[in-house]
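Q: Attaching a single structure in C-alpha cells format; questions to follow.
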Amino acid sequence: MKEFMMIFSSEINESFGPSPEQMQSNIQQWMDWFGGIAAQGKIVSANRLSFEGKTLKPNHVIADGPYAEVKEIIGGYVIVKATNLDEAMKLAEGCPILIHGGHVEVRSIIPMNG
Amino acid sequence: MSEKELIPQLFKTEYRKIISVLCNLFGPALSGIEIAEDITNDTFLQASETWGLKGIPENPTAWLYTVAKNKTKDYLKRHKTFSEKIVADLKLNQKQSESIEVDLSPKNINDSQLQMIFTICNPIIPAEAQIGLALRILCGFGIDEIAEAFLTNKDTINKRLFRAKEKLRTENINIVFSTEIDVKSRLDSVLATLYLLFNEGYHSTTQKTHLRKELCLEAMRLNYFLIENKTTNKPIVNALMALMCFHASRFEARINEIGEPILYDQQDKNLWNEELITKGNYYLIQSAQGNELSKYHLEANIAYWHSSKIENPQKWNNILQAYNQLLLIEYSPITALNRTYALAQVKGKQTAIREAEKLNLTDNHFYYSLLGYLYTDLDDGKAISYFEMAQQKAKTDNDKSLLNNKLSELKKKRDSLPSFSASE
C-alpha cells in the first residue's frame with residue numbers, strides 16, 4: 001500500500017454566504033464521503049484548513065490571507081492508502097467538492113526517508 | 001442471615017477492599033499481590049470456620065478487618081528477614097513490624113482500590129490477564145467463575161494470573177498518582193480494560209446468562225467507582241458509563257430464555273430497562289463537558305439513538321454521522337459494517353450495496369450477512385446465496401441458527417411466489 005494525498009481546491013467566491021442549513025448539509029456530505037473511505041480502512045489522516053493564514057514571500061514580505069493573488073484556495077487535504085494511483089483516483093470519486101465546482105488533486109507521497 | 005449466606009455476600013463486598021489495602025501496603029513487587037491474596041483468603045477461611053462454630057459476630061465486617069490486620073502483623077513477624085530488609089521500603093516506611101498499621105479506614109480502602117485498578121489495568125500484561133486479575137482481585141470472583149467466563153479451565157486461568165502477577169512483580173509496577181497527566185495517560189488503559197470486561201459479558205459466547213450479566217455489572221461498578229473519585233471523574237469516564245448503561249438497558253430483551261440472542265429489530269421494547277436508559281442519558285450529558293470527543297463518546301451517542309423508541313429518518317442519520325466520525329478515530333471491520341447498515345437506512349439499500357462491495361471483508365461472516373440483508377427484497381436469490389456464505393463462515397451455534405432462520409424465511413417467501421414460465 002502506498003500513500004496518496006488528495007488536495008481539495010475550489011475557486012474563491014467572495015459572495016459565498018451559506019445558510020446554517022446549507023453548512024450543515026455540506027458538512028454532512030463531506031462526512032458521508034470520508035466515512036465511505038474510512039469504512040474501507042484507507043484513511044491515514046484528514047485535515048481541514050481554516051481561513052486564518054498568511055503568506056511569506058521573499059524579502060520578508062508577508063501577505064494577508066492564504067489566498068493572496070491566486071484564484072483558487074486549498075480547503076483541506078486527506079492522506080489515503082491505496083495500491084496505486086488508479087485506486088486512489090477511484091477513492092476520490094464522489095468527493096463533495098466536485099458538486100461545488102472545485103476539484104481534487106491526487107498526488108503520490110514519497111517518504112522523506114525512502 | 002445464616003453464615004452460609006453472609007460469607008459469600010461479604011466476600012463480594014469486602015474481599016476486594018481488604019486485598020487492595022494489603023496489596024497497596026506490600027506493593028506488587030516482592031510477591032505482594034500473592035501475600036495479600038493469601039492473607040485475605042486465610043481471613044475468610046477463618047471466618048467460615050469460626051462463625052460456623054461460635055455464631056456470627058456482632059459486626060462481621062469489623063471482625064474481618066481485625067483478623068486481616070492481625071494476620072498481616074503475624075506474617076511480618078514470622079518473616080523477620082522480610083520485614084527487616086523490606087519494611088524500610090514499605091509504604092509505611094521506617095516503622096517496626098509490630099507498629100505497622102494496616103489502615104482499613106474508608107479513605108484508604110478507597111485510595112487502595114483506585115490504585116489497584118490502575119496497577120492491574122496495565123498494558124504490560126495481556127488484555128485477557130488484565131481482565132482475569134481484575135475479576136479476581138477487584139471483583140472477588142473465584143478462579144472457577146473466571147474459567148467459565150473465558151470458556152477455559154481453572155488450570156489455564158491460574159497459570160495466566162500467575163504470569164501476570166510475576167510480570168507486575170518483576171516490572172515493579174506500583175501506581176502512585178503524582179500529577180494530572182499520570183491519571184490522564186493511564187486512564188485510557190483502565191477504560192480499555194473495563195470496556196473489554198463489559199464486552200466479555202455482553203458478547204460472550206458462554207450460555208450462562210447469569211454470569212454474563214455479572215461481568216457487565218462488575219465493569220459498570222468499577223466504572224462507577226472511577227466516577228465517584230474526583231481525580232478520575234473525567235468526561236471520557238462518563239462517556240463509557242453512558243455507553244454501558246444504554247447497552248445494559250437491553251439485557252433482558254436481547255437474550256431469550258435459553259440464552260439465544262434476539263436481534264435488535266425483533267426485541268420486545270417493553271423489556272428495555274427505562275431506569276438504565278435514564279442513567280445513560282445522565283452520564284451522556286456529564287460526558288459532554290470539555291472538548292474531548294473519544295470513541296466512547298461516539299459509541300455512547302450511537303447507543304443513545306438505539307435506545308430511543310422513536311423511529312424517524314433523523315435518528316438513522318445521527319447514527320450514520322457518529323459512525324463516520326468513529327471510523328475516522330479508529331477503524332474496525334465491525335464499525336465499517338455497522339456504518340454501512342446505517343447508510344442503508346438513510347440513503348437506501350442500493351447506495352449501501354455499492355459501498356458494501358468496496359469493504360472487502362471477505363473473511364467476516366457478518367459481511368455476508370450484511371450483503372444478504374441489503375439484497376433482501378431487491379434480489380432474494382442473491383440474498384439467499386449471501387446468507388448461505390455467511391452460514392459457512394459463522395463460528396458459533398447461535399450465529400448459525402440465526403442465519404438458518406433468515407434462510408428458511410427467505411426460501412419460504414421465494415417458494416410461495418407464483419412462478420412464471422417462459423411461455424406465459
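The values are calculated or read from the model by the stated rules, or taken from the named source; none is laboratory data. Model, not experiment: these values are computed from the prediction. Glycine also receives a Cβ, built like all others from the backbone with ideal geometry; neighbour counts cover every protein chain displayed. Calculation scope for accessible area: heavy atoms of the full protein, side chains included, ligands and nucleic acids excluded. Shrake-Rupley method; radii C 1.70, N 1.55, O 1.52, S 1.80 Å.
Q: Can you give me the number of residues within segment A:57-112 that are open to solvent by 70 Å² or more (accessible area, probe 1.4 Å), outside any loop (DSSP other than H, G, I, E, B) and among the basic types (Lys, Arg)?
A: Qualifying residue count, segment A:57-112: 3.
Q: Based on this model, can you work out whether residue B:236 counts as of a type in the set (Val, Ile, Thr) and not in a helix (DSSP H, G or I)?
A: So residue B:236 does not fit the description; no.
Q: Evaluate segment A:38-50: report whether one residue or more is more than 22 Å from residue B:329 (Cβ to Cβ), surrounded by fewer than 16 Cβ atoms within 10 Å (Cβ to Cβ) and basic (Lys, Arg).
A: Residues of segment A:38-50 more than 22 Å from residue B:329 (Cβ to Cβ): none.
Looking for residues that are more than 22 Å from residue B:329 (Cβ to Cβ), surrounded by fewer than 16 Cβ atoms within 10 Å (Cβ to Cβ) and basic (Lys, Arg), one finds none in segment A:38-50, hence no.
Q: Scan B:253, B:192, B:242 and give me the residue that is in contact with an Asp or Glu (Cβ under 8 Å, 6 or more places away or on another chain), of a type in the set (Gly, Ala, Ser) and assigned to a helix (DSSP H, G or I).
A: On the way: B:192 fails: in contact with an Asp or Glu (Cβ under 8 Å, 6 or more places away or on another chain); B:242 fails: in contact with an Asp or Glu (Cβ under 8 Å, 6 or more places away or on another chain).
Selected residue: B:253, the only one of B:253, B:192, B:242 that is in contact with an Asp or Glu (Cβ under 8 Å, 6 or more places away or on another chain), of a type in the set (Gly, Ala, Ser) and assigned to a helix (DSSP H, G or I).
Q: Same structure, new question: Where in segment B:13-128 are there helices (runs of 4 or more DSSP H), lying wholly inside it, with at least 1 residues that are at pLDDT 85 or above, under 20 Å from residue B:170 (Cβ atoms) and open to solvent by 50 Å² or more (accessible area, probe 1.4 Å)? Walk me through how you get there before you give the answer.
A: Working: elements: B:32-54, B:60-78, B:80-86, B:106-120.
Of the helices (runs of 4 or more DSSP H) lying wholly inside segment B:13-128, those with at least 1 residues that are at pLDDT 85 or above, under 20 Å from residue B:170 (Cβ atoms) and open to solvent by 50 Å² or more (accessible area, probe 1.4 Å) span B:32-54.
Q: So in segment B:354-377, with the set limited to residues that are farther than 20 Å from residue B:263 by Cβ and more than 10 Å from every other protein chain (Cβ to nearest Cβ), which one is least open to solvent (accessible area, probe 1.4 Å)?
A: That would be B:362.
Q: For residue B:351, which of the numbered conditions (1) part of a helix (DSSP H, G or I); (2) open to solvent by less than 30 Å² (accessible area, probe 1.4 Å); (3) closer than 19 Å to residue B:376 by Cβ fails to hold?
A: (2)
Q: I would also like to ask the following. Hey, among the residues in segment B:313-346 that are open to solvent by 60 Å² or more (accessible area, probe 1.4 Å) and more than 8 Å from chain A (Cβ to nearest Cβ), which one's modelled with the lowest pLDDT? I'd like the intermediate steps shown before the answer.
A: In the first step, residues of segment B:313-346 are kept if they are open to solvent by 60 Å² or more (accessible area, probe 1.4 Å); the result is B:313-314, B:325, B:328-331, B:334, B:338, B:341, B:345.
Filter once more, so that each one left must be more than 8 Å from chain A (Cβ to nearest Cβ): B:313-314, B:329-330, B:334, B:338, B:341, B:345.
Working: B:313: 76, B:314: 89, B:329: 91, B:330: 90, B:334: 91, B:338: 94, B:341: 95, B:345: 93.
Out of the qualifying residues, it is B:313.
Q: Against the conditions (1) touching a residue at least 40 places away in the same chain (Cβ under 8 Å); (2) buried (at least 18 other Cβ atoms within 10 Å of the Cβ), where does residue B:288 fall short? Just the number, please.
A: (2)
Q: Can you tell me which residue within segment A:45-56, out of those that are in a strand (DSSP E or B) and within 19 Å of residue A:27 (Cβ to Cβ), is farthest from the chain's Cα centre (by Cα)?
A: Going residue by residue through segment A:45-56, those that are in a strand (DSSP E or B) are A:45-48, A:54-56.
Subset that is within 19 Å of residue A:27 (Cβ to Cβ): A:45-48.
On the way: A:45: 12, A:46: 9, A:47: 8, A:48: 7 Å.
Looking at residues that are in a strand (DSSP E or B) and within 19 Å of residue A:27 (Cβ to Cβ), I get A:45.
Q: Moving to a separate point now. Which ones in segment B:2-11 are open to solvent by less than 60 Å² (accessible area, probe 1.4 Å) and in a helix (DSSP H, G or I)?
A: So the first thing to find is which residues in segment B:2-11 are open to solvent by less than 60 Å² (accessible area, probe 1.4 Å), and the list is B:2-3, B:6-7, B:10-11.
Once the filter is applied, which keeps residues that are open to solvent by less than 60 Å² (accessible area, probe 1.4 Å) and in a helix (DSSP H, G or I), segment B:2-11 yields B:3, B:6, B:7, B:10, B:11.
Q: Tell me which residues, restricted to segment A:1-44, are assigned to a strand (DSSP E or B), more than 9 Å from every other protein chain (Cβ to nearest Cβ) and at pLDDT 85 or above. Can you show your working first?
A: At the first step, the residues of segment A:1-44 found to be assigned to a strand (DSSP E or B) are A:2-11, A:43-44.
Applying the additional criterion that residues be more than 9 Å from every other protein chain (Cβ to nearest Cβ) yields A:2-11, A:44.
Within segment A:1-44, A:2, A:3, A:4, A:5, A:6, A:7, A:8, A:9, A:10, A:44 meet the criteria.
Q: Right, something else. Restricting to segment B:237-257, and then to whatever is over 16 Å from the mean Cα position of the chain (by Cα) and touching a residue at least 12 places away in the same chain (Cβ under 8 Å), can you tell me which residue is least open to solvent (accessible area, probe 1.4 Å)?
A: Initial filter on segment B:237-257 (over 16 Å from the mean Cα position of the chain (by Cα)): B:252-257.
Narrowing the set further to residues that are touching a residue at least 12 places away in the same chain (Cβ under 8 Å) leaves B:252-255.
On the way: B:252: 103, B:253: 3, B:254: 38, B:255: 20 Å².
Once the filter is applied, the top-ranked residue is B:253.
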